Amino acid sequence: QVQLVESGGGLVQPGGSLRLSCAASGSIFNIYAMGWYRQAPGKQRELVATITSGEITNYADSSVKGRFTISRDKSKKTVYLQMNSLKPEDTAVYYCNAVLTIVTESDLLTGDYWGQGTQVTVSS
């Protein structure tokens with residue numbers, strides 16, 4: 001089994017910063033990519049940023065590029081999202097995602113895994 005455990009969410013004032021972390025654990029053979037998605041109330045889940053095993057990053061759009069930075073520590077199987085200059089419209093539940101291969105008793109299985117989500121609220 002695989003677990004993705006997020007941390008670092010909370011309440012912050014507009015213009016403030018937060019750093020989200022997501023640690024993967026379990027019978028992991030390889031992690032191809034990790035990323036962050038978010039879902040605001042009444043809206044669909046949307047991509048925020050992703051990072052591949054080769055450190056190639058992708059940001060969803062100009063609304064976060066320049067303010068958010070995704071990074072990863074391969075040795076810790078952890079992905080981070082540094083969020084600066086936060087705005088009220090960044091308020092959402094942030095979910096960690098990983099595309100990875102796990103080891104079973106008889107096989108290697110590649111799949112898409114999600115964390116439980118962490119709430120980020122930007123408000124004065």
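Okay, here's what the table says:
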item: Solvent-accessible heavy-atom area per residue, rounded to whole Å², over the range 42-124 at 1.4 Å; result: 55
item: For a label point 7 Å along the Cα-to-beta-carbon line of Glu89, residues of the range 102-124 with backbone N under 20 Å; result: 120-124
item: Derived scalar couplings ³J(HN,Hα) [the range 6-14; Karplus, 6.51 cos²θ - 1.76 cosθ + 1.60; whole Hz; x for Gly, Pro]; result: 8, 7, x, x, x, 9, 9, 7, x
item: Karplus 3J(HN,Hα) series, Hz, for the range 56-63 with 6.51 cos²θ - 1.76 cosθ + 1.60 (x for Gly, Pro); result: 7, 10, 9, 10, 4, 6, 5, 5
item: For Leu86, residues with placed amide H under 5 Å, excluding near neighbours; result: Gly15, Gly16
item: The range 63-109 - percent of accessible surface contributed by carbon and sulfur, probe 1.4 Å; result: 50
item: For Val48, distant residues with modelled amide H under 5 Å away; result: Trp36, Tyr37, Arg38
item: Hz values of 3J(HN,Hα) by residue in the range 107-124 - Karplus curve (6.51, -1.76, 1.60), Gly and Pro given as x; result: 7, 10, 10, 9, x, 10, 10, 10, x, 7, x, 9, 7, 10, 10, 10, 7, 8
item: P(r), alpha carbons of the range 32-101 - 10 Å bins starting at zero, rounded %; result: 20, 54, 24, 3
item: Under 5 Å, built H, 5+ apart or other chain: amide partners of Gly117; result: Glu6, Cys96
item: Spatially near lysine pairs across the chain, Cα under 28 Å, sequence gap of 8 or more or different chains; result: 6
item: Globularity ratio of the chain, using Cα Rg and 2.2 N^0.38 Å; result: 1.07
item: Gain on full stretching of the segment that runs from Ala23 to Gln44 - 0.36 nm per residue minus C-alpha separation; result: 5.1 nm
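The values are calculated or read from the model by the stated rules, or taken from the named source; none is laboratory data. Remember, predicted model here, so these are calculated numbers, not experimental data. With ideal geometry, Cβ positions are generated from the backbone for all residues, glycine too; neighbour counts draw on all protein chains shown. To get the accessible areas, we keep the full protein, side chains included, count just its heavy atoms, and leave off ligands, DNA and RNA. Shrake-Rupley method; radii C 1.70, N 1.55, O 1.52, S 1.80 Å.
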